[in-house]
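Read through the structure below, which is laid out as structure tokens, and then see the notes.
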Amino acid sequence: MSALDYSRERGHPAGFDSRLAAVKLAGSGLIAFGVFLSGFVISEPAPYELIMVIQIGIWFLLGLKISRTVAPLLVMLLTFNMSGLFSMFVMKDMSEAPMYFAVSTFLALSSVFYAAIIENDHRRLNLIFKAWVAAAIITSLLGVLGYFNAFPGSHVFTRYNRAMGAFQDPNVFGPYLVAPLLYLLYRLLTGPLMKAPLLIAGILVLALGIFLSFSRAAWGLLIFAGIALVIVMLLKERTTAFRFKILAIAGGAAIFLVLALAIALQFPQVSDLFTNRAKLVQDYDGARLGRFERHKIGFLMAMERPLGLGPMAFGKIFGEDEHNIWLKTLTTYGWLGAVTYQIMIWSTLWFGFRYMLRERPWQAYLMVAWVMILGHAIIGNVIDTDHWRHFYLLLGIVWGCMALEHRFIRSQRRSPSPTAKAA
């Protein structure tokens, strides 16, 4: 029986299937457009928020469901944000707090939304990553062109002589580009050589954007994530020939990037800033009341404030924000929020690792997202990732893949074995 005959038998009018296909196509296009807009966040709220709020509402109204696997993520994120709302009771000036927590809650819901639509159809992972790559390449080019002042007004894509693309901060711009670069690197390592030139060109654009952001966190994230992805792929692949191919291509790519870096350093404006930013500990890190001392004071202060200090209160006290996600969760979301955040991150990493090496259609996307979550947990010691939209997207990808794995396991248990069928 054809799909059309089935639709008529079920009472659906002629043309129902074509309209359903059109709705699905429009929904997929809206998802891709939303992910694409994540690369253009010049102010808050950004167009990304508007599009995502609309489509999250539409998708759930049309019947998108939250499974038992994704539900714990929703519970943890809501607990995390509700804990933050309690911190408003200890604030003297809470004028900025409502908008801060509105964005936080939206990002939490966006993560659950991504997990749900991925569980609904794993093919959307390919769409998400392609849209992310497109946005990353465009915003990286804007940052690079702005850095070299390639056209009138291009300086708006820089800050403090650092590339920031269509972002508010170079320290968010740089890390945003790393996941798309890893995705292209994975395709380079596993795909046909015919596509290599195009993939290498994309990797170079993203790598140059990361480099010119002069974000030490982004540099560290790129190095760590690149090495971690190669290690994970070596664990995944069992054949010696393929492992040798991965090592050879990865080594060649690393040498190529080093050569590109050497060329970039021939420009005085690049080499001077690189020499300054390449120091592991800057003056403002180790100085009196510098970043690391503020971390120590902040943790001691937070131990006396169960409800926290409230959003941005730490920066008003010390003149600088926390620059540490673990401290940020304590000061902004209180003790309960900090504990919930810890549980969420480490459970994500634990379950993601358990499923990451299983041969599935979504394995590549899970590997990239898992490596990135681990990398963000590490750089979170020196930077605040609380309102990074791409971090919540990564969180949704990992939980969506976990939900796919659970659904796959359930389907395998329900399917009778060939022996049982024969009997």
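The values are calculated or read from the model by the stated rules, or taken from the named source; none is laboratory data. Treat the numbers as computed from the prediction; the structure is a model and nothing was measured. A quick note on method: Cβ atoms are made from the backbone with ideal geometry, for glycine too, and the neighbour counts reach across all protein chains shown. Please note that ligands, DNA and RNA were not included when accessible areas were found on the heavy atoms of the full protein model with its side chains. Shrake-Rupley method; radii C 1.70, N 1.55, O 1.52, S 1.80 Å.
Assorted remarks:
- Dipole magnitude of the chain about its Cα centre (Cβ charges: Lys, Arg +1; Asp, Glu -1), debye to nearest 20: 1420
- The HN-Hα couplings worked out from phi for segment 146-152 by the Karplus form 6.51 cos²θ - 1.76 cosθ + 1.60 (θ = phi - 60°) are x, 4, 8, 6, 6, 8, x Hz, whole numbers, x standing for Gly and Pro.
- Calculated from backbone phi, Karplus (6.51, -1.76, 1.60) coupling profile of segment 341-353 in Hz, x at Gly/Pro: 5, 4, 4, 5, 5, 6, 5, 4, 5, 5, 5, x, 5
- Protein accessible area in the chain, 1.4 Å probe - carbon and sulfur %: 69
- Accessible area per residue for the chain, computed on protein heavy atoms with a 1.4 Å probe, is 48 Å².
- Taking W59, W399, W326 in turn, the Gaussian network model of the chain (Cα-Cα springs below 10 Å) assigns the largest fluctuation to W59.
- Calculated from backbone phi, Karplus (6.51, -1.76, 1.60) coupling profile of segment 297-311 in Hz, x at Gly/Pro: 4, x, 5, 5, 5, 5, 5, 9, 10, x, 8, x, 9, x, x
- The residue among A218, L204, V144 whose Cα reaches farthest toward the positive pole of the charge dipole of the chain, with charges on the beta-carbon of Lys, Arg, Asp and Glu, is L204.
- Cα→Cβ-extended label distance, 7 Å offset, between Q363 and N381, nm: 3.2
- Label-to-label distance, nm, for residues given as K195 and L62 (7 Å Cα→Cβ offset): 2.8
- Residue-averaged [θ]222 nm for the chain, counting only DSSP H segments that reach four residues, each worth -39500 (n - 2.57): -23500 deg cm²/dmol
- Placing unit charges on the Cβ atoms of the charged side chains and taking the dipole of the chain about its Cα centre, the candidate lying farthest along the positive direction among G308, T79, G191 is G191.
- In the chain, lysine pairs closer than 20 Å at Cα, eight or more apart or cross-chain: 10
- Relative contact order (%) - the chain, alpha-carbon pairs under 8 angstrom, separation at least six: 22
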